[in-house]
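S.K.: Got a structure for you, written out below as structure tokens; questions coming shortly.
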Amino acid sequence: MFVINPRRKVWRMYAELLIDLFNFLAPFLRNVELPKQIKLLYKGTLRVLLLLLHDFPEFLCDYYFVLCNSIPSNCIQMRNIILSTYPHHMKLPDPFTPNLKFDLLQEISQSPRILINFDNVIQPATFKKELDSYMTSRSPVTFLSELRSILQVSKEPGMKYNIPLINALVPYVGIQAISHIQSKGQTPSMGTIAHTSHMDIFQNLAVDLDTEGRYLFLNAIANQLRYPSSHTYYFSCTLLYLFAEANSEIIQEQITRVLLERVIVNRPHPWGLVVTFIELIKNPAYKIWNHEFVHFAPEIEKLFDSVARSCMSQKPSDAATK
């Protein structure tokens, strides 16, 4: 699964040790059953990750995929710590800057380093062959209709979906999409990502998957919202495009939930996640304040109002009237 870098062999071994630790903690964290000893181990794990974030951010940047792949979906803070890292030489723009122009940042032309061999994860080989064929020529025509059943073949007992496959499928398709757009001399945008075979796959997953599968799929997209890069910008546009083009409010509610639940936990928060969430609640084109799920209950509305006020200079009520 790893691509070996001779200068960083120790990093690879350390990543494998962390994965073993996450795999040990996973059953307890997934079931929210934390005996005293496990709770201490979990707190210690968070401290180790915070130390790595501060002193060795490139390590977490390089191995974010395999590390997040081993973390249960309900462990939002742990995942946020990993996804918040960025190269030490990079200076992040303030995501709360009024009128921040993500598309004008120089970094969106640069791809992050990904230490993952997708051939080892996207299995069986026949599925990857059909996936590559569909992205190139939209054939076989049955690919999209069969995609959900393929993702539901899990090797983990008690798991309905093949989560590692979903987590690998999303960035792999995104990387191919970025390459396709750049090959035409363009950059990812709300216009250039639309009506492509890659977006066909993402829109099909958003519509065809059930609530559980869609949640896993949207989380796989949110995992790509990291520091400024071509990947972060593409997947930010993708998530917002799926929201805007959704044919059901349930899809829009789940997109909002995935972003919101990652914003309301303790810091740190991934830069790309914050920028995407601010765009969703600030841009009147998305009309988020008109949706029933924002006003479903007083405590939910209060939560949205509180988060929005911390992310925006204008009041939510002002944004809703524009």
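S.K.: Exactly one of these conditions fails for Leu18: (1) open to solvent by 80 Å² or more (accessible area, probe 1.4 Å); (2) under 23 Å from the mean Cα position of the chain (by Cα). Give me its number.
M.R.: Against the list (1) open to solvent by 80 Å² or more (accessible area, probe 1.4 Å); (2) under 23 Å from the mean Cα position of the chain (by Cα), Leu18 comes up short only on (1).
S.K.: Against the definition (in a helix (DSSP H, G or I), of a type outside the set (Ser, Thr, Tyr) and either touching a strand residue (DSSP E or B) at 6+ places or on another chain (Cβ under 7 Å) or open to solvent by 10 Å² or more (accessible area, probe 1.4 Å) (or both)), how does Val265 come out, yes or no?
M.R.: Taking the combined requirement at face value, the residue does not satisfy it.
S.K.: Hey, can you tell me all the residues within the stretch 179-229 that are farther than 25 Å from Gln106 by Cβ, part of a helix (DSSP H, G or I) and open to solvent by 60 Å² or more (accessible area, probe 1.4 Å)?
M.R.: Val207, Thr211, Glu212
S.K.: When you look at Tyr233, is it within 16 Å of the chain's Cα centre (by Cα), open to solvent by 20 Å² or more (accessible area, probe 1.4 Å), among the aromatic types (Phe, Trp, Tyr) and under 30 Å from His54 (Cβ atoms), yes or no?
M.R.: yes
S.K.: Could you count how many residues in the stretch 76-101 are under 17 Å from the mean Cα position of the chain (by Cα), open to solvent by less than 70 Å² (accessible area, probe 1.4 Å) and of a type outside the set (Lys, Arg)?
M.R.: 9
S.K.: Considering each residue of the stretch 268-277, count those that are open to solvent by less than 10 Å² (accessible area, probe 1.4 Å) and either of a type in the set (D, E, K, R) or outside any loop (DSSP other than H, G, I, E, B) (or both), and give that number.
M.R.: Qualifying residue count, the stretch 268-277: 4.
S.K.: Do we have Asp210 as out of contact with any Gly (no Cβ under 8 Å at 6 or more places or on another chain) and in contact (Cβ under 8 Å) with a residue 60 or more places away in the chain here?
M.R.: no
S.K.: Moving to a separate point now. Which is under 21 Å from Ile181 (Cβ atoms) and hydrophobic (A, V, I, L, M, F, W, C), of Ile114, Ile82?
M.R.: None of the others qualify; the one that does is Ile114.
S.K.: Cβ-Cβ under 8 Å, sequence separation 6+ or interchain: first residue in the stretch 68-95 and under 18 Å from Val275 (Cβ atoms) and free of Cβ contacts under 8 Å to residues at least 60 places away in the same chain, partner open to solvent by 30 Å² or more (accessible area, probe 1.4 Å) and of a type in the set (Val, Ile, Thr). Which pairs?
M.R.: none
S.K.: Could you check how many residues of the stretch 133-174 are open to solvent by 50 Å² or more (accessible area, probe 1.4 Å) and either of a type outside the set (D, E, K, R) or under 23 Å from the mean Cα position of the chain (by Cα) (or both)?
M.R.: Matching residues across the stretch 133-174 total 16.
The values are calculated or read from the model by the stated rules, or taken from the named source; none is laboratory data. As the structure is a prediction and not an experimental result, all values here were calculated from the model. With ideal geometry, Cβ positions are generated from the backbone for all residues, glycine too; neighbour counts draw on all protein chains shown. Quick note on the areas: whole protein, heavy atoms, side chains included, nothing else; ligands and nucleic acids left out. Shrake-Rupley method; radii C 1.70, N 1.55, O 1.52, S 1.80 Å.
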